[in-house]
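The values are calculated or read from the model by the stated rules, or taken from the named source; none is laboratory data. Bear in mind the structure is a predicted one, so any value in this text is a computation, not a measurement. Cβ atoms come from the backbone with ideal geometry, glycine included; neighbour counts cover every protein chain shown.
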Amino acid sequence: MKNQAVSINPIIAILLLTALLFMGSCQTYKYGYWGKLPSSDSGAAFEKDSAIRIMQTLALKKQSLNNETHLISQEIAEKVQNSSTISMHTFNALFGNLHQQYEIDTVYHQLFQQSPDESIRNKSKQALLESAVNYKKAFQKNKFIRRTINRGDIAYGIPTNTLNQTQQFLWSDKNNRSYLIEHEKDERATHTIAGFMLSNTVDEWQSYQYKTVYFLSKIFGQFAGQFHGKIDKKTNAMLLRSQLQEFDIVLLKSLTHLTEKLIPGYFGHVGVSLGNDLMIETPRSGVRICSIEEFSDGEIYLIVRPTNLTEMQKQKIRNSLKMQLGKKYDFNFDSQSPDRIVCSDLVCLAYDFIDWQSKKRAGHYITSPDDLVRSLLNRPDFSFEMYINKGQFTYKPDSDFIHKMLLIN
């Protein structure tokens, strides 16, 4: 009988290769899904009684956070299923919840890796497994939530691939796998490494496509941004400075910028006044604090002012704006992925008590500067204070004026 050539499906080959890499990488998870902690961390300093009290307190906090986690996850899943936009308040709640969860997990890791007491180490490892199983139940089945979390959010200190690391921890040894199978208790759950690897491989491919589009869009955006006319920022800043208050939302239109022609609607940029001659904005270089003069790169401005902010709201807005510092500009223009943001997303995240309008454009939901204006038009707690067009002031423009303005493209 003649030997026959054996052909291997490329997809199967990729999965096999991924399996080998994964099996090798599992060894790195023996210290938990955050990796080995520096010896300077304080886990070893906890005495046994103190460690037990700490873990009891953390367990109660975890229970409350887990309930919140599942409610947020369910809300997002329903929105995705109905093809509805997810509010910035929900994204803030999601990553805020994860931030608190991960802070607790970090304490468990300190005890697991560094406590001299074996019973404490065992209890802390079990707590880590409980956390990882809870993340699996809440997030792993929904690809949108899973991918969103794995992109991370530096505003809440969530690095990339944190969710993926918690799930690899569940498959890192047979004891962890046994715990997962015993405690998940879900008939639809997948309890095989192959099932996890398949979803992970698909996510990696989607991430590659997402990053490719981002890279190409960034090249085009940076190139188009080089074409603009000269603008008298100093004079514009003098006009704005005399009118602005802290928390004012300032929309801008530049008649000479090529990039302005590529943005849908009338306004092409927006920032928020921080007071003291400072603005916060998201240009193509990423979120930054700048002077009013640096911001004043246009000929037309609209100042929108919140009128009834409580002190708690003011502090929350300040904190939220500053938390976004350092985020990259989102050349994917995807408002449903807050790991990177555009100028209007900065406003939406800070003023997340508003139900911001959004439209699907080029496959992604995005809130444009014009959408911000439309969202605020009929709100009694926001006032359209000033419209400035080439040095000409229009005080308190009414809704008819705003509607006509937005029709001009």
Give the stretch 136-176 a look and list any residue that's touching a helix residue (DSSP H, G or I) at 6+ places or on another chain (Cβ under 6 Å), within 23 Å of Gln63 (Cα to Cα), in contact (Cβ under 8 Å) with a residue 60 or more places away in the chain and not polar (S, T, N, Q), or say none.
-> Ala138, Phe139, Ile145, Tyr156, Ile158, Phe169
Of all helices (runs of 4 or more DSSP H) fully inside the stretch 254-372, the set with 1 or more residues that are farther than 20 Å from Phe220 by Cα is 292-295, 311-323, 343-350
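In the stretch 84-129, which residues are among the aromatic types (Phe, Trp, Tyr) and touching a Lys or Arg at 6+ places or on another chain (Cβ under 6 Å)? Explain how you work it out, then say what you get.
The initial filter retains those residues of the stretch 84-129 that are among the aromatic types (Phe, Trp, Tyr), namely 91, 95, 102, 108, 112.
Within the stretch 84-129, Phe112 is the sole residue that qualifies.
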Test Val133 against the stated conditions and say whether it is within 14 Å of Gln167 (Cα to Cα) and either surrounded by 18 or more Cβ atoms within 10 Å (Cβ to Cβ) or free of Cβ contacts under 8 Å to residues at least 60 places away in the same chain (or both).
-> yes
Just one of the numbered conditions (1) over 22 Å from Met405 (Cβ atoms); (2) among the acidic types (Asp, Glu); (3) modelled with pLDDT under 95 is not true of Glu246; which one?
-> (3)
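Residue by residue, here is whether (1) at pLDDT 90 or above; (2) surrounded by 12 or more Cβ atoms within 10 Å (Cβ to Cβ); (3) in contact with a Pro (Cβ under 9 Å, 6 or more places away or on another chain) holds:
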position	(1), (2), (3)
Leu58	yes, yes, no
Asn66	yes, yes, no
Glu78	yes, no, no
Ile86	yes, yes, no
Gln114	no, yes, no
Ser124	yes, yes, no
Considering only residues of the stretch 380-409 that are assigned to a loop (DSSP other than H, G, I, E, B) and in contact with a Pro (Cβ under 9 Å, 6 or more places away or on another chain), which is nearest to Thr256 (Cα to Cα)?
-> Asn409
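Residue by residue, here is whether (1) of a type in the set (Phe, Trp, Tyr); (2) under 20 Å from the mean Cα position of the chain (by Cα); (3) buried (at least 21 other Cβ atoms within 10 Å of the Cβ); (4) not assigned by TED's automatic domain parsing to the domain that holds Arg146 holds:
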site: Ile303; (1), (2), (3), (4): no, no, no, yes
site: Lys322; (1), (2), (3), (4): no, yes, no, yes
site: Cys348; (1), (2), (3), (4): no, yes, yes, yes
site: Pro369; (1), (2), (3), (4): no, yes, yes, yes
site: Ser375; (1), (2), (3), (4): no, no, no, yes
site: Gln392; (1), (2), (3), (4): no, no, no, yes
site: Ser399; (1), (2), (3), (4): no, no, no, yes
